[in-house]
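Novice: Mind having a look at this structure? Questions to follow.
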Amino acid sequence: MQQKPLKFDYQSTTPCSGRVLEAMQPYWNEIWGNPSNLQNRFGIHASAAISLARDNLAQCLHVSPERIIFTSGATEANNLALIGHARVRAIEEGRPGHVITMSTEHHAVLDPLKQLKNEGFRITELNPGSDGILSLKELEDAFEHDTFLVSIMLANNEIGVIQPLQKISILCQDRGILLHSDAAQAFGNLPINLDTLGIDLLTISSHKIYGPKGIGALVNRGNVPLQPLIWGGGQEKGMRAGTLPVPLVIGFSKASEIAIKDLDQNNKRLSFLRNKLWNELSNQVSDLRINGCLKNRLPHNLNFTIGGIIGSRLHKFLKPLIVCSSSSACSNGSPSHVLMAIGRNPKEAESSLRLSLGRETTINDIEKAVTVIAKVVRELRS
Ligand SMILES: Cc1ncc(COP(=O)(O)O)c(C=O)c1O
């Protein structure tokens, strides 16, 4: 009998947890009212459920509930933060200005910034060091007289490295510059306090934390002026029109509550398993190089380059045995822009693996993954 492949791709997405599904269940066909329609009790009931879910999510983030704008996910939240604020700013100032980001951001940040470039804004993409971390000195040198926004992700989706957001925010605040952070990978996996980190706009997503797909949020801590991207019925205080998907909002809120409650315990377990995976792989396979620093890293991420093999063959051989990623789930098959930015060449980027662990990962999975990868590399090198 053919064995199921080992699952090591939890940064791409996660399965919806049983407790989340249970919380969502009544909102499909029992409490099915439109939360924007308060003229009947179904609508009132749905609206009350949304309020409770919003309060619950706000508590997880230590912000007040009115700061949360529900969106369809992190992509939309990033678009709303970046394009939404930049357009307001250009109207206020009478001209576009300057925005700073990193070349290792997700395309959900890089592409809206490309759109802003088309609209006349100047965008600086800073490269990290070989450890994947932004140099504060480089950031300081990149500020220009009209820089109004910096967008730096909290944790990277490919190499898992955690950026020094608190220090970055101090540099921004000193100059009156706003800070946006895409925390799609960090929320639910790292403790986040927006006040302490000094983040004005924060992007989060539900499907990375065992919640449903199709829902996320932009947290507007600083009440930053934004121009909506979607116009219609005035929902989300006019910032994001459209009937709220009640079951998804409920599921997202529940998933957040569970993730935050179990965060310390999960992180300890995951970093133990991840370190075991890395140590055993390093013992059994020669010429492995970690991508990004190991220390400031998400507990469930491992990304490394395997020397002396052809990447396409590695992925072909591993495909039936282990579900993992050569790059981010959203890339189009070209070598990872993140790995290239930290100094890997295209060939090295292609012979790299991102292994991401999840709640279901067991010590047995780790041992099997080490055996599988070591065997495949041996075959490819022989
Ligand atoms: C860092 C980061 N930002 C944004 C996204 C897009 O998130 P969503 O699928 O919620 O739009 C992802 C998903 O892979 C991500 O990892």
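None of the figures in this text is laboratory data; all of them are computed from the coordinates on show. As the structure is a prediction and not an experimental result, all values here were calculated from the model. Cβ atoms come from the backbone with ideal geometry, glycine included; neighbour counts cover every protein chain shown.
Novice: Please compute the alpha carbon radius of gyration of segment 250-382, then divide it by the globular-protein estimate 2.2 N^0.38 Å. Two decimals is fine. Mind showing how you got there, number by number?
Specialist: Details: Rg = 15.6 Å, N = 133, 2.2 N^0.38 = 14.1 Å.
Relative to the 2.2 N^0.38 Å estimate, segment 250-382 comes out at 1.11.
Novice: Hey, what number do you get for the chain at 222 nm if only DSSP H runs of n ≥ 4 count, each worth -39500 (n - 2.57), divided across all residues, to the nearest 500? Don't skip to the end; give the middle numbers.
Specialist: Numbers: 14 runs with 160 residues, N = 382.
Result for the chain: -13000 deg cm²/dmol, rounded to the nearest 500.
Novice: Please arrange S256, S169 by how many other C-beta atoms lie within 10 Å of their C-beta, fewest to most.
Specialist: On the way: S256 26, S169 22.
Arranged by neighbour count, lowest to highest, S256, S169 become S169, S256.
Novice: May I pose another question? Say we join alpha carbon atoms closer than 10 Å with springs in a Gaussian network model of the chain; which of R19, R67, R95 then has the biggest fluctuation?
Specialist: So, out of R19, R67, R95, the one fluctuating most is R95.
Novice: Additional query: Compute, for segment 18-261, the length of the dipole vector about the Cα centre, with Cβ point charges of +1 (Lys, Arg) and -1 (Asp, Glu) only. Units Debye, rounded to 20.
Specialist: That gives segment 18-261 a dipole magnitude of about 620 debye.
Novice: If I model a spin label as a point 7 Å beyond the Cα along the Cα-Cβ vector, how far apart are those points for N40 and N279 in nm?
Specialist: Each label point is offset 7 Å from its Cα along the Cβ direction, giving 6.1 nm.
Novice: Once you list every other residue whose beta carbon is under 12 Å from the beta carbon of T361, what net charge do they have if Lys and Arg are +1 and Asp and Glu are -1?
Specialist: Taking every other residue near T361 into account, the sum is +2.
Novice: Here is a follow-up. Under 17 Å between alpha carbons, and skipping anything fewer than 8 positions from K7 in its own chain: which aspartates and glutamates qualify?
Specialist: E158, E360, D365, E367
Novice: Quick check: from the Cα gyration tensor, does segment 1-86 come out rounded (a/c under 1.5), prolate or oblate? Provide the component values of the computation, followed by the final result.
Specialist: Numbers: a/c = 2.31, a/b = 1.30, b/c = 1.77.
Cα axes put segment 1-86 in the oblate bin.
Novice: Let me ask something else. Can you tell which of K137, K261, K319 shows the greatest fluctuation in a Gaussian network model of the chain with Cα springs below 10 Å?
Specialist: Between K137, K261, K319, it is K137 that shows the largest mean-square fluctuation.
Novice: Step through the table entries K114/K208; K114/K167; K213/K347, compare each Cα-Cα distance with 28 Å, and write down the pairs that go over it. Write out the running numbers ahead of the final one.
Specialist: On the way: K114/K208 25 Å; K114/K167 26 Å; K213/K347 33 Å.
Check vs 28 Å cut-off fails for K213/K347.
Novice: Let me know the volume per residue of the alpha-carbon convex hull for the chain, in Å³.
Specialist: 139
Novice: Considering amide H positions built from the backbone, and no H for Pro or chain starts, which residues 5 or more places from G97, or on another chain, come under 5 Å of its amide H?
Specialist: R122
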